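Report on the structure given below.
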Amino acid sequence: MTNSNDQAASLRNNSQGGSFGIKPKKSMCCIAVASGKGGVGKTFVTVNLAVTFARLGRKVLLVDADLGLANADIVLGVHTEFSMQDAIFKGKPLSEIVMHTKYGIDLISASSGSKEMMSLGSARMQMFINDLLAFASEYEVILFDCAAGIDSNVTSFLSAAPQSLIVTTPQPTAMMDVYALTKIIYQNGLSSNLNLLVNMTDNDRQGDAVAQTLNSVMQRYLSGRIDLVGCLPSTDLVNNALKRRMPFVALWEREIISVRFKQIATALLNRHEASEDRELKAENLMKGLINI
Ligand SMILES: Nc1ncnc2c1ncn2[C@@H]1O[C@H](COP(=O)(O)OP(=O)(O)OP(=O)(O)O)[C@@H](O)[C@H]1O
Ligand SMILES: [Mg+2]
């Protein structure tokens, strides 16, 4: 039986041969949405960003990599019957697992299965990675809705996706947890493009202040930075949309939050285009899937 380290090493060796490296089209933008603290709005942000990217004409895949309660399928009003496990263990084609939603985005769930995955032979694992990458390369934007915190699956998704979007609220505890997360990211060289979204603000000044505080601490202790891509106000409409099982941006196109999502999506696409690091890292993606 192989363990995950053996598998990672084998993947690394193979990726040097080029069979796992994916040279995405210039337009393929992968974003991992993460947070230090839970409940700050990652799933809300990921789903609404995904729908916004689709409205900007991009082909979007949302990977639900969180096994929490309020999952992306609930927010999108769909029921995911199959997960990546069915592809890995039952050989079900990914094209049959993906859910097409009426909002123009596709959704795939990455359920847990670490123990079983570890017992998977490396040849089978390699085949799955190749299938996964071929499948992923059909998309122009891929978003990972990660679990909260700094578990190894989260850090793997963060290092797989060239763009990271860290969501926080202005709460001091949430900010402290962002710092803890960015510290791990910097110390391990996990992500080159750190973007910040401040959710549930009272006003924009509060969001700017959060970004400033975080940046001054990060600059001082990590010689690092995180770029604010936008703030979203706190409003009861968000839970209203959740109750209706519809994405906010599909319900209230002209609300400030929907306008902001458009600006944030555009900023992320621009950052992606301007970045030298645009490659989805297959080895890290697989590590993330193994460790969920
Ligand atoms: N801007 C906002 N205004 C008001 N409520 C919000 C806002 N953003 C998110 N919420 C609400 O906060 C709650 C948590 O949101 P969500 O489930 O998206 O967080 P999460 O970070 O994905 O949580 P978890 O860490 O459990 O995965 C939900 O009830 C959501 O509707
Ligand atoms: Mg969530």
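Since every read-out is calculated from the coordinates, none of them should be taken as a lab result. Just so you know, these numbers come straight off a predicted model, no measurement behind them. As a convention, Cβ positions derive from the backbone with ideal geometry for all residues, glycine included, and neighbour counts pool all protein chains shown.
Annotations for the structure displayed:
- Under-5 Å amide H pairs with CYS29, H placed in peptide plane, nonlocal only: VAL141, ILE142
- Taking the empirical scaling 2.2 N^0.38 Å for compact globular proteins as reference, the chain has a Cα radius of gyration ratio of 0.95.
- Mean projection area, nm², convex hull over Cα of segment 52-199: 9.7
- Residue order for CYS231, CYS30, fewest other beta carbons within 10 angstrom first, comes to CYS231, CYS30.
- Electrostatic dipole magnitude of the chain [Cβ: Lys, Arg +1; Asp, Glu -1; Cα centre; debye, to 20]: 280
- Rounded tilt (10° steps) of 282-291 against the dominant C-alpha axis of the chain: 90
- Simple spin-label estimate for GLN263 and SER122 in nanometres, 7 Å along Cα-Cβ: 5.0
- A Förster radius of 30 Å, combined with the Cβ-Cβ distance separating LYS92 from SER137, puts the computed FRET efficiency at roughly 0.95.
- Between HIS100 and ALA180, the FRET efficiency from the beta-carbon distance, with R0 = 45 Å, is close to 0.75.
- Extended-chain gain in nm, criterion 0.36 nm per residue less alpha-carbon gap, ASP204 and GLU81: 40.3 nm
- Positive end of the dipole of the chain (Cβ unit charges, origin at the Cα centre): among GLN163, PHE135, THR46, the Cα lying farthest that way belongs to GLN163.
- Sites listed here are GluC sites (Glu not before Pro) in segment 90-190 whose DSSP assignment is loop and whose Cβ has at most 15 other Cβ atoms within 10 Å: GLU138.
- Interchain or long-range residues, amide H under 5 Å from MET200's placed H: LEU232, SER234
- Per-residue ellipticity at 222 nm, computed for the chain from helices alone with -39500 (n - 2.57) per DSSP H run of at least four residues, works out to -15000 deg cm²/dmol.
- Rounded to 10°, Cα long-axis angle of helix 256-274 versus longest principal axis of the chain: 50
- Between 0 and 90 degrees, the angle of helix 204-222 with respect to the longest Cα principal axis of the chain falls at about 50 degrees.
- Filter on LYS37/LYS183; LYS42/LYS262; LYS59/LYS102; LYS90/LYS281; LYS42/LYS243 - keep pairs with C-alpha separation over 19 Å: LYS90/LYS281
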